[in-house]
Amino acid sequence: MQCWVSQEMVFDDEQAETHLREAWEHESGKDEMNVVLQGLEQHFWRGTEAGWLGCYDFAGETWAGDGSVYKCAMGAGSVCLQRSGCSLIVRVGREEEGVSSLRPELAAIARTLQATSVESDLLYLCESEAALNKMSRWIGSGPRTTLAGDANADIMMSIIECVRARVLRGALTFIVKVKAHRGEPLNEKADTQAENARQLSFECQQWTTRTQRMTYEWNDSDGVQHVTAWSKAVRNGMLRGGTSQAESIGSSGD
């Protein structure tokens, strides 16, 4: 492995070799990226997507959040730029009705809003276009917008109430779309926190209240069992001839 630097740079050969060896042998599958806005390194971070948008120089609090779904478990995590070492994780509940990538993304936003003072301006970096579209329906839409029939109404209610409280206090709330897995340090850290949250115990779940939706259980061609509310996946499973069993479950989960 080689590392090219300016010929005018003065450094300790032994120390440089030690740092390179530590980086090469690091056990983590991801880079540990920390935003440094002083010295030469500031030019690198301000050259990223979020840097060009001025997110790292935001006067309020800058957060990034992410959701994670794997093997019927959902987790949400978020991190703050200004609060060093501050991170939020939550395992997202109601997995009995199936999992989706949207639900933990919304949970990350809701948890961040809950943890941020209603008097502080907030900038949130989000990689989920679906989550942004879900929230945009409530901006200037008037009194006819409703949560009736919304599968994630429990989380959306928390988001709406938090944003409403912030508006009443005069605090600004910005949600900025960034590309996923492109090396944005806050986004990558949030991704790690979301994966950790997904592995929390069932006792740590939030937003667990069941809906009145009917759930379907079926086995695909590989014998893998799936449980979810009605969706295109259920329809396709039926068309392929997979075994299916429908169960109507009330909000109590009985």
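The values are calculated or read from the model by the stated rules, or taken from the named source; none is laboratory data. Everything numeric here is computed off the predicted structure, so don't read it as measured data. Reconstructed Cβ throughout: ideal geometry from the backbone, glycine too, with neighbour counts over all protein chains shown.
Points worth noting:
- Given (1) free of Cβ contacts under 8 Å to residues at least 24 places away in the same chain; (2) of a type outside the set (V, I, T); (3) within 26 Å of W230 (Cα to Cα); (4) not in a loop (DSSP other than H, G, I, E, B), index of the condition S158 fails: (1)
- Hits in the stretch 114-129 (condition: over 13 Å from W63 (Cα atoms) and surrounded by 13 or more Cβ atoms within 10 Å (Cβ to Cβ)): V118, S128
- Selection status of G93, under 26 Å from V234 (Cβ atoms) and touching a strand residue (DSSP E or B) at 6+ places or on another chain (Cβ under 8 Å): yes
- Test: residue in the stretch 157-170 that is at pLDDT 90 or above, within 25 Å of W45 (Cα to Cα) and touching an Asp or Glu at 6+ places or on another chain (Cβ under 9 Å): no
- Qualifying residues in the stretch 81-113 (those that are touching a residue at least 40 places away in the same chain (Cβ under 8 Å) and more than 27 Å from Q212 (Cα to Cα)) - the one surrounded by the fewest Cβ atoms within 10 Å (Cβ to Cβ): S87
- Matching option when the condition is among the aliphatic types (A, V, I, L, M) and modelled with pLDDT of 85 or more, among A180, A197, A148: A197
- Yes/no for E105 being among the acidic types (D, E), closer than 22 Å to F202 by Cβ and in contact with a helix residue (DSSP H, G or I) (Cβ under 6 Å, 6 or more places away or on another chain): yes
- Flag for S100 being among the hydroxyl-bearing types (S, T, Y) and under 15 Å from P185 (Cβ atoms): no
- Of all the listed residues (T192, T145, T173, T211), the sole one being among the hydroxyl-bearing types (S, T, Y), touching a residue at least 12 places away in the same chain (Cβ under 8 Å) and over 30 Å from L81 (Cα atoms) is T211.
- Qualifying residue in the stretch 172-182 (condition: crowded, with 17+ Cβ neighbours inside 10 Å, of a type outside the set (D, E) and touching a Ser or Thr at 6+ places or on another chain (Cβ under 8 Å)): no
- Among the residues of the stretch 214-230, those that are within 25 Å of the chain's Cα centre (by Cα), surrounded by 14 or more Cβ atoms within 10 Å (Cβ to Cβ) and within 27 Å of M157 (Cα to Cα) comprise V227, T228, A229.
- T62 meets the stated requirement of being in the same structural domain as V178 (by TED's automatic domain parsing), surrounded by 24 or more Cβ atoms within 10 Å (Cβ to Cβ), on the phi < 0 side of the Ramachandran plot and over 12 Å from the mean Cα position of the chain (by Cα).
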